[in-house]
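See below for the structure under consideration.
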Amino acid sequence: MPRLASPPLDLPDFAPGSVWLVGAGPGDPGLLTALALHALAHADVIVYDALVDRRVLALKRDGATLDYAGKRGGRPSAQQEDISLRLIRLAREGKRVLRLKGGDPFVFGRGGEEALALKHAGIPFRVVPGITAAIGGLAYAGIPATHRDVNHSFAFVSGHDSGGAVPGGVDWVALSRAAPTIVVYMAMGHLAQIATRLIEAGRRGEEPAAIVSKATMPEQRVIETTLARAAADADAAKIEAPAMLVVGPAVTLRQGIAWFDERNT
């Protein structure tokens with residue numbers, strides 16, 4: 001059969017002197033949006049995070065400059081204020097600046113801070129959402145974020161605050177009661193403490209849990225465990241960051257849904 005022609009997309013112009021804050025998704029380049037690909041094809045400089053996959057960066061246009069601005073816990077990292085100032089400087093030089101972030105810019109990506117800095121400096125910008133790690137990672141792990149027979153809500157929470165400690169501003173009791181499924185981003189550094197706080201807040205220690213490492217990547221690993229055993233099992237399995245903790249009955253559905261593993265690349 002002849003292939004049907006796809007209608008051309010009327011994508012916005014990436015103007016010189018502007019910044020696009022773009023979500024690159026959780027890793028798999030196939031999860032990029034059309035606008036993200038459009039930005040990669042037209043950017044003069046790409047200021048990218050540590051979690052942006054090299055296969056995504058390889059999609060840049062010839063001649064585009066790569067500018068690393070990654071931040072990783074426990075390692076020397078660029079300061080957020082310096083990154084924002086860098087975006088402003090590059091835009092004022094007349095560059096098309098692509099700020100490329102893992103996941104979604106506005107989900108634990110500090111895109112809001114950069115957008116406010118650009119607005120204050122009078123720099124035109126666009127925000128391009130991306131598939132966040134929890135949505136993409138759970139799908140690739142075979143764990144539905146919602147399922148009509150199991151849960152009708154879910155919650156995302158960061159595993160550390162701006163200082164690197166367990167978030168002190170989280171109402172753990174309210175969080176535990178509010179959502180059957182809880183997804184904790186950047187969980188590895190404080191996994192035992194987070195599990196303890198959730199149990200003290202009312203979640204059962206034997207509740208199903210999973211740890212998803214390097215979500216959507218060829219190296220993805222998923223460890224099924226319980227909330228009480230999550231830290232010990234992650235340590236025994238030598239799970240590496242980036243990884244997230246998923247807690248709730250939806251984890252049990254993985255046995256029937258899991259479709260992606262190291263061979264499915």
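The values are calculated or read from the model by the stated rules, or taken from the named source; none is laboratory data. Since we're looking at a predicted model, the values are computed, not measured. Because the Cβ atoms are built from the backbone with ideal geometry, glycine has one as well, and the counts that use them run over all protein chains shown.
A few points about this structure:
- Once region 33-47 is narrowed to residues that are outside any helix (DSSP H, G or I) and crowded, with 22+ Cβ neighbours inside 10 Å, the residue that is farthest from the chain's Cα centre (by Cα) is ALA43.
- Against the numbered list (1) of a type in the set (Lys, Arg); (2) buried (at least 19 other Cβ atoms within 10 Å of the Cβ); (3) at pLDDT below 95, LYS60 comes up short only at (3).
- Complete set of residues in region 80-135 that are in a helix (DSSP H, G or I), aliphatic (A, V, I, L, M) and under 20 Å from the mean Cα position of the chain (by Cα): ILE83, ALA115, ALA133, ALA134, ILE135
- One residue from ALA232, ALA174, ALA228, ALA195 being assigned to a loop (DSSP other than H, G, I, E, B), without any contact (Cβ under 8 Å) to a residue 60 or more places away in the chain, farther than 17 Å from ALA141 by Cβ and not assigned by TED's automatic domain parsing to the domain that holds PHE106: ALA228
- If you go through region 235-265 and keep only what is assigned to a loop (DSSP other than H, G, I, E, B) and out of contact with any Pro (no Cβ under 7 Å at 6 or more places or on another chain), you end up with ALA237, LYS238, ILE239, GLU240, ALA241, PRO242, ALA258, TRP259, PHE260, ASP261, ARG263, ASN264.
- Some residue of region 212-219 being part of a strand (DSSP E or B), out of contact with any Leu (no Cβ under 9 Å at 6 or more places or on another chain) and closer than 18 Å to ALA134 by Cβ: yes
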